Amino acid sequence: MLDPHKLIILRAVIAAGSVQGAASGLHLTPATVSQHLQALARQTGLVLFEKSGRGIEATPAALHLAEESSQALADLERLERTVADLRAGRAERITFACFASVAQAWMPHVVGVLRTASPETVVEISINELHPGGGRHQPDIDIRNEALDADPLTIEGYQRHVLHEEELRLVLPLNHPLCSQDAVALVQLRDEAWIDHDIHDGPTGRIITRACTTAGFTPRYVARLDDHHAAISLTAAGLGVTVLPGIALSGLPGNLTDRPLTGPTVSRRIVAFTRAHPVRARLIHTALTALREAAAPKSVHAQPAK
């Protein structure tokens, strides 16, 4: 079996570009790092590095090995955390995958409910926009969004629960001419500078793009990000407009406002998927109930149009 410590050193040398750099970051001597690399090369039968000028260069085999070891090392790190939790008496764990606006708007309530119901439970939350595979491991509850007119999402081995439907709204500076309108037709944004908050073209980004296509134009993006908070900041700086879901509108800066969109409206559905787990069934049920509470209309703190 491969030594995880040697794989960590391999990845460190590749990332640093040199044995010296990796040694400094790992608080080891260069000689120790070299010895581990030599041992790993012998164990695998692979040439891992070749001389390049005055330094070394990772071979394709080394790069592939480092890439393939990423998930295994992450799983081992999680196992170490589990052992630490067991030592400390925290035996229960529940895992979520969700997108950023849900993590901000709903998960504080959900985690609070879980802490009350089971104080020793550890709650893990991965952002599935950034980790499409579910983060470090398979989530107990996976929260996704979908277009209202799309085929319903399904995930093998999971039960589907519809949580919420909401419209996406235009966010723009208070001094923008379109603020004089109670609602904005999407086509009016044809010539606007757009700030995108879904650079990975996830479900919400695809919903926005399809609505713009229906309105007869392609958004003119001046910046593309993977974080709606950053998109709000750029919009507040007067660099463009952005379109955000209702649950992401809480706490807009004072110089921004929002308006509903028409022609067409832009909407999404939020769905939770729960997996059958004989040990965590009670926790999963508690979490789903808390999610439904957080998703109820009275809990959606969308900022009203100003």
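The values are calculated or read from the model by the stated rules, or taken from the named source; none is laboratory data. From a predicted model like this one, the values you see are computed outputs, not experimental measurements. So basically every Cβ, Gly included, is an ideal-geometry build from the backbone, and we count neighbours across all protein chains shown. Areas reflect the complete protein model, heavy atoms only, side chains present, ligands, DNA and RNA absent. Shrake-Rupley method; radii C 1.70, N 1.55, O 1.52, S 1.80 Å.
A compact table of results
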item: Solvent exposure, largest accessible area first (probe 1.4 Å, DNA, RNA and ligands not counted), of 182, 149, 3, 142; result: 182, 149, 3, 142
item: Hydrodynamic radius (Kirkwood) for the stretch 148-224, which is based on Cα pairs only, to one decimal in Å; result: 14.8 Å
item: Of all accessible heavy-atom area on the chain, the percent that carbon and sulfur account for (1.4 Å); result: 55 percent
item: Residue 276/residue 154 FRET efficiency (R0 22 Å; Cβ-Cβ; nearest 0.05); result: 0.90
item: FRET efficiency estimate (nearest 0.05) - Cβ-Cβ, residue 78 to residue 51, R0 22 angstrom; result: 0.05
item: Candidate residues 68, 166, 92: accessible-area rank, largest first, probe 1.4 Å; result: 68, 92, 166
item: Surface accessible to a 1.4 Å probe, residue 217 within the full protein complex, Å²; result: 10 Å²
item: Stokes-Einstein diffusion coefficient of the chain, Kirkwood radius over Cα pairs, 37 °C, 0.692 mPa s, in µm²/s; result: 146 µm²/s
item: Alpha carbon convex hull of the stretch 1-66, volume per residue in cubic angstrom; result: 74 Å³
item: Fraction of antiparallel bridges per DSSP, the chain only, in percent to nearest 5; result: 65 percent
item: Inter-probe distance in nm under a simple model that places probes 7 Å from Cα toward Cβ, at residue 117 and residue 38; result: 5.7 nm
item: Normalised contact order of the stretch 184-299, rounded percent, pairs of Cα under 8 Å and 6 or more residues apart; result: 30 percent
item: Computed lengthening from residue 213 to residue 250, 0.36 nm per intervening residue step minus Cα-Cα distance; result: 10.5 nm
item: Fraction in percent of alpha-carbon pairs per bin - 5 Å, the stretch 167-306; result: 2, 10, 18, 21, 18, 11, 8, 5, 4, 2, 1, 0
item: Fluctuation leader among 28, 48, 252 - the chain, Gaussian network, Cα springs under 10 angstrom; result: 28
item: Among beta bridges that DSSP assigns inside the stretch 108-264, antiparallel share in %, nearest 5; result: 55 percent
item: Residue-normalised accessible area of the chain, expressed per residue, 1.4 Å probe, Å²; result: 51 Å²
item: The chain: relative contact order as a whole-number percent, Cα under 8 Å and 6+ apart; result: 20 percent
item: GNM top mover of 264, 245, 173 - the chain, alpha-carbon springs below 10 Å; result: 264
item: Overall Cα dimensions of the stretch 90-208 - principal axes, largest extent first, Å; result: 56, 31, 23
